[in-house]
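The values are calculated or read from the model by the stated rules, or taken from the named source; none is laboratory data. Predicted, not measured: the structure shown is a model, and the values here were computed from it. No Cβ is skipped: glycine too gets one built from the backbone with ideal geometry, and neighbour counts run over all protein chains shown.
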Amino acid sequence: MLKIEDLHVEVDGKTILKGITLDIAAGEVHAIMGPNGSGKSTLAYVLAGREGYEVTKGSVTYKGQNLLEMEPEIRAAEGVFLGFQYPVAIPGVSNIYFLKAALNAIRKHRGQDPLDAIDFMKLSKEKAGLVQLPDQLTKRSVNDGFSGGEKKRNEIYQMAMLEPSLAILDETDSGLDIDALKVVAEGVNALRGPERAMLVITHYQRLLDYIVPDVVHVLIDGRIVRTGDKNLAKQLERDGYSEVRDAIQP
Amino acid sequence: MTDSSPKTLIQSLPSSFEAGPEWLRLLRGRAADALRAGGLPTKKTEAWRFTPVRSVVEAVFSPAEGDALSVVSALPEGVTARSLREVLESEPGLLDGRLDFAGTPEHFAALNTALFTDGLWIDVPDGTAVDTPVEITHAIGRAGVSYPRVFVTAGESAELTLIETYQGETVGGLTNSVVELDVGRNAKVSHVRIHENAGMQVGRVDVRQAADSVYRSTVITLGGALLRLDVRSLLDGKGAECQLDGAYLVEGEDHVDHHTRVDHRAPHCRSNQTYRGIASGKGTAVFDGIVIVHRDAQKTEAHQENRNLLLSDTATIHTKPHLEIDADDVVCSHGATVGALDEDQLFYLRARGIPADLAHAMLTYAFLESIIDRVGHEPTRTRMREALIARIPHGDEIREVT
Ligand SMILES: Nc1ncnc2c1ncn2[C@@H]1O[C@H](COP(=O)(O)OP(=O)(O)OP(=O)(O)O)[C@@H](O)[C@H]1O
Ligand SMILES: [Mg+2]
């Protein structure tokens, strides 16, 4: 589904990603772990199409197409979803109606009719229930005055509404209490399926107890330095990154 | 009267006026004298520095038929709206010393004082509180110059919501309006003004506030070949409060120019100004607001904020909020920003699948809508939102999503 090859990315003239190669097949969940500043969010943004990132080398193929050529909204319509590490507040734009516009734009792209208000509200109720997002939060302005945990739940609620093929979750677990973590993980697991893939960025092995990954990568200084199964996450939790670091820099 | 420009018109003003009660003839005479002596503003006049005032002063207009001013809502019980002409004829002394309370006007306001033929007097007696807004419309049907004049008196503890709309598709006209509001002790007046007129407009709003009164003004300006509005409030009694809000949207080659002035003359008064604007195309927007805290106005609280979005390289924004403080025990703040749409917000919307142009329109709308959101009366908010939606790309989709 997603094939990243030797991806090099610069921001403001500084090279952040230094040759990432990653292959995620449909049905798989990959986790990326790595110290602060190693480039995890940069990778997520580049995949979602944020401006300001210059790809100096390498390629990204998504469902057989060149992902890097698509506008962000086309990527979304093609099924890419980014759960933001720091979701921005948008005062004056209603959460639920903005999502309706998004969903219907995506449906239009796929040649489907727009959902009418009643069907949309029904769907919204169901999905908000899934992540236990209070009804009144769906109606407020996007992330405006939401607590940290509420913002993250809102990301998962939006993901559940949009049903992406490739979900990239950037530290969706940070700032969540244990109960919220379970709720979010359930939301993610509900979306898992043979047609979908996920890239889960996290600092904590704890999340991976709930969302069990097929593959775990360690990203340090813009490179994937180690790839393994879920046990790699456990080892990192126990030993930290120094051992991996030492292994690559003898 | 024949076709003429305001510039030639002031030369032909009579030195003594023949019709109407004596006090009004004197008032008009003083206005005419002031105009003959001082003329209309030029680019060199400090307060008109950024206004392309020549295009108004030297343009030739034909006289409009009547002043095209009408009350379009049912009048709530207790409120009267009378024709100024009729009041001046039937009770000539009634408005003596009340109309024109702000003193001898200058420039365009003086021209209005000299030449208005009719207008409206809206009166809310002491203790009368009405919830239903009074809506008046100035509709300019054809290219001409008109002098709408509105006088509002709100008695002690009276409450009123006044909505004014300025409409008309005719580009060649000039609306030169003066609105005066005399707000009594403990009275509350909300004043909404919607400019949807494509022609030229110069307007003046003068407010006088007695003790413990509240005046809230919300101005929405949706383009206009040239618009210049001065809103002035005089906080004359202890504990009075005024809120001056505005939202403007400038496109094409529009020029809109909002000036505010709040005079804190009494202690323990509060004023708050929030203006937001967007300029695109080759449009120009000006905000110039001043708060003057006079010597005895201790315990004043005054805030002023002007935020702008500049959406094209060819658009221009001038912003100048400023303070003049002569008292020492006051809390004042002022600030201005000019920026672009927030990239993080745009990306968030697009990353969810919203096309770029719709995302732009949504953020543009939200930016100005926050001003409308501060209006207390729900049907009035809806009315204002509709006016804004009509001017924003993807209006129908925006209506759906907000
Ligand atoms: N706009 C920018 N200009 C300059 N440097 C940037 C910019 N954006 C990111 N960086 C740098 O790129 C590096 C990678 O940042 P990134 O946000 O991808 O890290 P991360 O792995 O997500 O870290 P964290 O775990 O703290 O979220 C950091 O050193 C960061 O300072
Ligand atoms: Mg990050």
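In region B:321-370, which residue that is facing chain A (nearest Cβ under 8 Å) and acidic (D, E) is farthest from the chain's Cα centre (by Cα)?
B:D344
Look at B:I292 and say whether it is touching an Asp or Glu at 6+ places or on another chain (Cβ under 6 Å) and either surrounded by fewer than 21 Cβ atoms within 10 Å (Cβ to Cβ) or not in a strand (DSSP E or B) (or both). Quick ask: steps written out before the conclusion?
On the way: touching an Asp or Glu at 6+ places or on another chain (Cβ under 6 Å): yes; either surrounded by fewer than 21 Cβ atoms within 10 Å (Cβ to Cβ) or not in a strand (DSSP E or B) (or both): yes.
Yes.
Of all residues in region A:125-166 being touching a helix residue (DSSP H, G or I) at 6+ places or on another chain (Cβ under 6 Å) and small (G, A, S), which is surrounded by the fewest Cβ atoms within 10 Å (Cβ to Cβ)?
By that ranking, first place goes to A:G149.
Somewhere in region A:70-83, is a residue farther than 23 Å from A:E195 by Cα, within 16 Å of ligand 2 (Cβ to nearest atom), surrounded by 15 or more Cβ atoms within 10 Å (Cβ to Cβ) and modelled with pLDDT of 95 or more?
Checked against the condition, which is being farther than 23 Å from A:E195 by Cα, within 16 Å of ligand 2 (Cβ to nearest atom), surrounded by 15 or more Cβ atoms within 10 Å (Cβ to Cβ) and modelled with pLDDT of 95 or more, region A:70-83 yields no hits at all.
Just to check your reading of the model, which residue among B:S157, B:S177, B:S146, B:S213 is within 27 Å of B:A279 (Cβ to Cβ) and of a type in the set (S, T, N, Q)?
Working: B:S157 fails: within 27 Å of B:A279 (Cβ to Cβ); B:S146 fails: within 27 Å of B:A279 (Cβ to Cβ); B:S213 fails: within 27 Å of B:A279 (Cβ to Cβ).
None of the others qualify; the one that does is B:S177.
Considering (1) in a loop (DSSP other than H, G, I, E, B); (2) within 11 Å of ligand 1 (Cβ to nearest atom); (3) within 16 Å of the chain's Cα centre (by Cα), say which one A:P35 fails and leave the rest.
Exception for A:P35: condition (3).
Going by the structure shown, is A:Y86 within 14 Å of ligand 1 (Cβ to nearest atom) and either at the interface with chain B (Cβ under 10 Å from one of its Cβ atoms) or among the basic types (K, R) (or both)? Talk me through it step by step, then tell me what you get.
On the way: within 14 Å of ligand 1 (Cβ to nearest atom): yes; either at the interface with chain B (Cβ under 10 Å from one of its Cβ atoms) or among the basic types (K, R) (or both): yes.
Yes: the conditions hold for A:Y86.
Residue-wise test of (1) modelled with pLDDT of 95 or more; (2) in contact with a helix residue (DSSP H, G or I) (Cβ under 7 Å, 6 or more places away or on another chain); (3) surrounded by fewer than 23 Cβ atoms within 10 Å (Cβ to Cβ).
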{"residue": "B:R232", "(1), (2), (3)": "yes, no, yes"}
{"residue": "B:K238", "(1), (2), (3)": "yes, no, yes"}
{"residue": "B:G252", "(1), (2), (3)": "no, no, yes"}
{"residue": "B:D257", "(1), (2), (3)": "yes, no, no"}
{"residue": "B:R270", "(1), (2), (3)": "yes, no, yes"}
{"residue": "B:R276", "(1), (2), (3)": "yes, yes, yes"}
{"residue": "B:K299", "(1), (2), (3)": "yes, no, yes"}
{"residue": "B:N306", "(1), (2), (3)": "yes, no, no"}
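Quick one: is B:R374 within 14 Å of another protein chain (Cβ to nearest Cβ) and in contact (Cβ under 8 Å) with a residue 24 or more places away in the chain? Walk me through it before giving the result.
Numbers: within 14 Å of another protein chain (Cβ to nearest Cβ): yes; in contact (Cβ under 8 Å) with a residue 24 or more places away in the chain: yes.
So B:R374 passes the test.
Here's the yes/no breakdown for (1) in a loop (DSSP other than H, G, I, E, B); (2) within 14 Å of another protein chain (Cβ to nearest Cβ); (3) within 16 Å of ligand 2 (Cβ to nearest atom):
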residue	(1), (2), (3)
A:L169	no, yes, yes
A:T172	yes, no, yes
A:L176	yes, no, yes
A:L181	no, no, no
A:V184	no, no, no
A:G187	no, no, no
A:P194	yes, no, no
